[in-house]
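Colleague: Submitted below is the structure of interest, expressed as structure tokens.
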Amino acid sequence: MTVEPELVPSPVDPSWADVVIGLLSRTSASGLLTLAKEAALAAVGSRAGAVYIRQDDGRLRLATTTGYGEYIVERYGSVDPEADLPVAEAARECRLVWRPTREYSGLGADAARFPSPSAYASVPLMIEDRCLAVLSLQLDRGEPLSQSEERTLSLIAAVAAQRLEYLLSRESKVLTAGVPRLDQAVRLVESRTRAARLELAMASADIGAFDWDFASGRLVWDERTCRLFGVEPDAFDERIDTFYAHIHPEDRAAVHAAARTSMRTGFYSALYRIVRPDGAVRWIDAKASVVRDPEGKPQGMVGVAQDRTEEREHEERRHARREFVLTLTAAFGTALSTQDVVDTMTGTVLPALDANALAIHLVRAGDVVLAGAAGYPDDVLRRLRESSMGQPDSPMSAALRAGTPLFFETREDFRAAFPDESFRPAPRHHAWALLPLTTADGTVGSCILSYAEPRVFTADDQIVTTAIAGILAQSLARARLYDQRRQAMTELQRVMLPRGLPRLPGVEVAVRYRPGSEGLDVGGDWYDVVRLPGGKVGLMIGDVQGHSAQAAAVMGQLRTALLAYADDGHGPADLMACGNRMLCGLDTDLFATCCIVELDPATGTLRMARAGHPYPLLLEADGTVRELDCPGGLPLACQLDDEYPVVTDHLAPGATLLLYTDGLVESREHSYDEGVAELVRALSSWQDGGPAGGGAARGVRAARNGGSPRGAPAAARGRSGLDALADRITAPSAGRTAQDDIAVLLVRRRD
């Protein structure tokens, strides 16, 4: 064999010398072509290539391939020599051809399946003027081959052609007479190539084979199966008991059951865990066919085994991600306000991600403002509040500019990205995920997640945090609309309440209104304090059923009517009856509770009428707390001719009268009576000047039983004290779930 000197790389790379020796030492055509293909792929850095054998009729038949899918292999298994395809062009022109993929018209729509830019380098295996085969390589680049690459491919093709000619001529001696030599050579190559392909596929997929003889119990493993189980081939004793000893104890019963079932069905399939000698747990997927004797009795089993640990772990991670996203979506689905969203992030996301802090900034009026944070020391929290769009180098701004999550695995990475001292991280924060929060409507804000230890953010971490960013952005956008609508509804409710309180001689007054904690609709709670003829004071409080614009409208009409009737000089009973008739005449199914009190500041006389409303509470100057026994009628609009009896009581100097709506005491956490008892304790402890103790408990019992235990004398309190009491009794309701609207009216008679 003679090799043209100009085709040999200079100097000759020892590795290519090994390739040449390997080509010349191959004893089968299939092994030769496979080695030539692999060497050529390595030479040009390609991942896909094929070798075609030229048949006697001129057609090119696929002999071996790498990197192509089943569709391409089947479609181009046989190529017409006149086709505008890479292998056909090289065979026709008997020279090395380089050409961009898009220029081959024979590929048609299939050209879109290949990367862009890409090209083909095809070199024929020539013996004199005859083309025996074509080696074709797909290049994921648009640049032509270098001179060195061309020389190397030509060297591989020349050596492979010489050896192929020799092998074909040797094999042709045993061929059947009359069969064209090259056609029969193709059959030989193909038959051997199929076995080589199977072996290559099993090796690349790390698939092992096994053979189990039932009679002797002998189990034969190939080297790959031994490697799967972590056993040295020479150390495997070929005993079935050794196999079962490797199976995870929890999976042995299932493997036994699958083996028994295979005796009947003829097919064995099992997915189970094994424990390797080093303690590693792996998932094995085994499939086999049962071999039977002529009488149909099972004799043995032949099958394959493959390690499925990575796929199993990937599936478990995917399932965990899915469950986490579903849980997170459900949690955010119940978060209505911006604060609800922040609380969900703190209570659900932080623990799930093993993060120890978060900060959420929202874009408002062209600036970035802190909406919520958790896990930061005070100094860092202050800096987070002060950060704004005016700091283009801030982490928040960087996240917004990036448009995709940013990850910093160490403090050094974070400090390198944000060297400004104002962004110095907290002492125990060592890794960060910066999440931009965007929706189809624009940018919502950003979220910073901090971790207590340096962290490598895996692909799963990045998928989960990206999903969190999307869900969080949507939830915040929805919450922003909710907050805006809720604010508008609350303002509507406040507009319908008195704008101010009249200055009244001899009494102090404090009022509070708190909208409900759930829903967008306004409620029907209201209060009024009005001057009455003769220096008296009218106190009114009520609650229209429901939470809707209709409830607010009915409340407005009822309140207006009662004020008008009060100006005409009607007393509590007449006022209640007039309000009842007016409400019954409205085209509505809503009813209302109400309590009306007429107070004479000069004498302390109280005249009260009640319509289904909570009983007033009286806080005496000496610390006694009691409910005023005020029998009443049905709620307004329940019965047209209902009567509302008037009850008389006394408000002593320094004593305080409390009127309230049921939202102050109702809650899912406790019953109505327990809520009233809690309110009485709050009033008693306030009057005692300390936390609720035995005196407060006695005050609750007295309130229910009509007794009057005494507490410590109360110090004189100013108007600020009454306001503080109003804040005190309404504060606990803020943390309750499903909170109703609250209206509170406090009146104290001056000493």
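The values are calculated or read from the model by the stated rules, or taken from the named source; none is laboratory data. Just so we're clear, the structure is a prediction, and the values are computed from it rather than from any experiment. Methodologically, a virtual Cβ is constructed for each residue, glycine included, from the backbone with ideal geometry; neighbour enumeration extends over all protein chains shown. Side chains included, ligands, DNA and RNA excluded: accessible areas come from the protein's heavy atoms. Shrake-Rupley method; radii C 1.70, N 1.55, O 1.52, S 1.80 Å.
Colleague: What are the aspartates and glutamates whose alpha-carbon lies under 13 Å from the alpha-carbon of Lys287, with same-chain residues fewer than 8 places away excluded?
Modeller: Asp211, Asp307
Colleague: Give the separation of the Cα centroids, segment 250-317 to segment 565-617, in Å.
Modeller: 82
Colleague: Once the piece of chain linking Glu310 and Gln462 is laid out straight, how much longer is it, given 0.36 nm per residue of separation minus the C-alpha distance between them? Numbers along the way, then the final one.
Modeller: Working: separation 152, 0.36 × 152 = 54.72 nm, distance 1.85 nm.
Difference between extended and current length: 52.9 nm.
Colleague: Now, a different point. Which net charge results for the neighbourhood of Ser397, defined as the other residues with beta-carbon distances under 13 angstrom from its beta-carbon, given Lys and Arg at +1 and Asp and Glu at -1?
Modeller: It works out to a net charge of -2.
Colleague: Now a separate question. Determine, from the Cβ-Cβ distance of Glu232 and Arg385 and an R0 of 56 Å, the FRET efficiency 1/(1 + (r/R0)^6), rounded to the nearest 0.05.
Modeller: Calculated value: 0.30.
Colleague: Asp751 to Ala731: FRET efficiency via 1/(1 + (r/R0)^6), r the Cβ-Cβ distance, R0 41 Å, to the nearest 0.05?
Modeller: About 0.90, to the nearest 0.05.
Colleague: Taking 7 Å along the Cα-to-C-beta vector as the label spot, tell me the Ala365-Arg531 distance in nanometres, rounded to one decimal.
Modeller: Spacing of the two 7 Å Cα→Cβ label points: 3.9 nm.
Colleague: For the residue pair Arg47 and Asp629, what label-to-label distance in nm results when each label sits 7 Å from Cα along the Cα-to-beta-carbon direction?
Modeller: 9.0
Colleague: Just add up the charged neighbours of Thr265: K/R +1, D/E -1, any other residue whose Cβ is under 13 Å from the Cβ of Thr265.
Modeller: On the way: positive: Arg260, Arg264, Lys287, Arg292; negative: none.
Result for the neighbourhood of Thr265: +4.
Colleague: With each pseudo-label sitting 7 Å past Cα toward Cβ, what's the Thr265-Asp140 distance in nm, one decimal?
Modeller: Label-label distance for Thr265 and Asp140, simple model: 4.0 nm.
Colleague: How would Glu421, Glu165 rank on accessible area, largest to smallest, probe 1.4 Å?
Modeller: In descending accessible area the options line up as Glu421, Glu165.
Colleague: Would you be so kind as to identify which of Phe243, Gly303, Leu228 lies farthest towards the positive end of the dipole of segment 228-323, taking Lys and Arg as +1 and Asp and Glu as -1 on Cβ and the Cα centre as origin?
Modeller: The residue sitting farthest along the positive end of the dipole is Gly303.
Colleague: Here is a further query. Let me check something: with ligands and nucleic acids excluded, how do Val444, Val304 order by accessible area (1.4 Å probe), largest to smallest?
Modeller: Result of the area sort, largest leading: Val304, Val444.
Colleague: So how exposed is Arg322, as accessible area in Å² (1.4 Å probe, rounded to 10)?
Modeller: Estimated to the nearest 10 Å², Arg322 gives 130 Å².
Colleague: Next up: Order of 236-249, 563-576, 606-619 by packing, highest average Cβ count within 10 Å first?
Modeller: The packing order, highest mean first, is 606-619, 563-576, 236-249.
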